[in-house]
Amino acid sequence: MQFQQSNLFERAHKFSIRRLDYAFGRLYDSRKSIRTEFVQHPDELEINSPNIEHAVEYQPTPSFLFRSMLAPVEGPFSDLTFIDLGCGPGRTLFLAQDLGFKRCVGVELSPLLCRAAEENISNSPAATREAIEIVQADATNFSIPNDDCVIFMFEPFEQEVMKQVAQNIISSSSKPRSRATIIYYHPSSDWIFANNDAFQRLRYPAWQKSFLAAFAEHGVSAFAIR
Ligand SMILES: C[S@@+](CC[C@H](N)C(=O)[O-])C[C@H]1O[C@@H](n2cnc3c(N)ncnc32)[C@H](O)[C@@H]1O
């Protein structure tokens, strides 16, 4: 009986968080005149790549959690490039631009979502249009710029692809070594980074840790390249 009650509480909590995510997401979209708050299955994304079988559906990062997710990043953001591997129609790129990142680059496999991102950007003020760039590519083929950067991922693909991306990150930051922080939301393959000596797990400050534990339904991990 007690188990059933706690199960019920957990489900009610998850339901409330999803409603909250959705409400904040819609609000963010309408404030920015963009469209990012929707869910779409990979089969509907015009993806013509063998990696479609490892791709995860599109859904956006909750806007109200984004700043806390970046807590382990050593600023100032204005010195850093923000890269979202699997950016969809660009939600995090707009959020990163709000925070003052020097440059925001989104990499996306789906041509349909790339068009949606470009449309969102074209509806934006000139400063946003200049700061955000969309690259239509498979993340495994994208050569990560050797800038000091934040590499963001929201569970874009399964472990087969993630292993290749982790290797890409390592080779991109070797000579000379740049500062790369990986923020990985819904980190189901974070063992790939945790078990590789090239990466070091970063801890969240106590307050953000509690906030994310309460509201980030899928969890978040952070790593730095050593
Ligand atoms: C869960 S969504 C996250 C969207 C966005 N990053 C955000 O946080 O709002 C994952 C995205 O990764 C994209 N994706 C999947 N496999 C990919 C790959 N191999 N290369 C680039 N993008 C990929 C999907 O099309 C989808 O848009």
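Whole Å is fine, so just give me how far the alpha carbon centre of the range 149-197 lies from that of the range 30-78.
With the range 149-197 and the range 30-78 each reduced to a Cα centre, they are spaced 16 Å.
About its Cα centre, what dipole magnitude does the range 2-225 give when the only charges are +1 on Lys and Arg Cβ and -1 on Asp and Glu Cβ, stated in debye to the nearest 20?
820
Where nothing but the Cβ of Lys and Arg (+1) and of Asp and Glu (-1) is charged, how large is the charge dipole of the range 1-67 around its Cα centre, in debye to the nearest 20? All intermediate terms of the calculation are to be shown ahead of the outcome.
Working: 9 positive and 9 negative charges, 117 e Å.
Once rounded to the nearest 20, the dipole reads 560 debye.
Out of Gln136, Asn48, Ala166, whose Cα points farthest toward the positive end of the dipole of the range 2-225 (charges: +1 Lys, Arg; -1 Asp, Glu; placed on Cβ)?
Farthest along the dipole direction, towards plus: Ala166.
Taking +1 at the Cβ of each Lys and Arg and -1 at the Cβ of each Asp and Glu, which of Ile83, Ser124, Leu20 sits farthest along the dipole of the range 2-225 towards its positive end, judged by Cα position relative to the Cα centre?
Working it through, the farthest residue towards the positive pole turns out to be Leu20.
Run lengths n ≥ 4 of DSSP H only: what is the helix-derived mean residue ellipticity at 222 nm for the chain, with -39500 (n - 2.57) per run over all residues, to the nearest 500? Don't skip to the end; give the middle numbers.
Values: 8 runs with 89 residues, N = 226.
Calculated at 222 nm, the ellipticity per residue is -12000 deg cm²/dmol.
Quick one: grab Rg to one decimal and Dmax as a whole number for the chain, Cα atoms only, in Å.
According to the Cα coordinates of the chain, Rg and Dmax are 17.3, 59 Å.
Between beta-carbons, use under 15 Å as the cut-off and find the net charge around His186, counting Lys and Arg +1, Asp and Glu -1. Intermediate results must be reported in sequence, preceding the final value.
Numbers: positive: Lys14, Arg18, Arg91; negative: Asp21, Glu57, Asp84, Glu155, Glu158, Asp190, Glu217.
Around His186, the surrounding residues sum to -4.
Going by average Cβ density within 10 Å per residue, which order do the peptides 193-206, 63-76, 81-94 take, highest to lowest?
Working: 193-206: 13.6, 63-76: 18.4, 81-94: 27.7.
With the highest mean Cβ count within 10 Å placed first, the list reads 81-94, 63-76, 193-206.
Pairs on different chains or at least eight residues apart, Cα atoms closer than 26 Å: how many lysine pairs in the chain fit?
Working: Lys14/Lys209; Lys32/Lys102; Lys102/Lys175; Lys163/Lys175.
So the count works out to 4.
Computed from the coordinates by the stated procedures, all read-outs in this text should not be read as laboratory data. Note that the structure is predicted; figures quoted are calculated from it, not measured. Cβ coordinates were reconstructed from backbone atoms using ideal geometry, including for glycine residues, and neighbour counts include every protein chain displayed.
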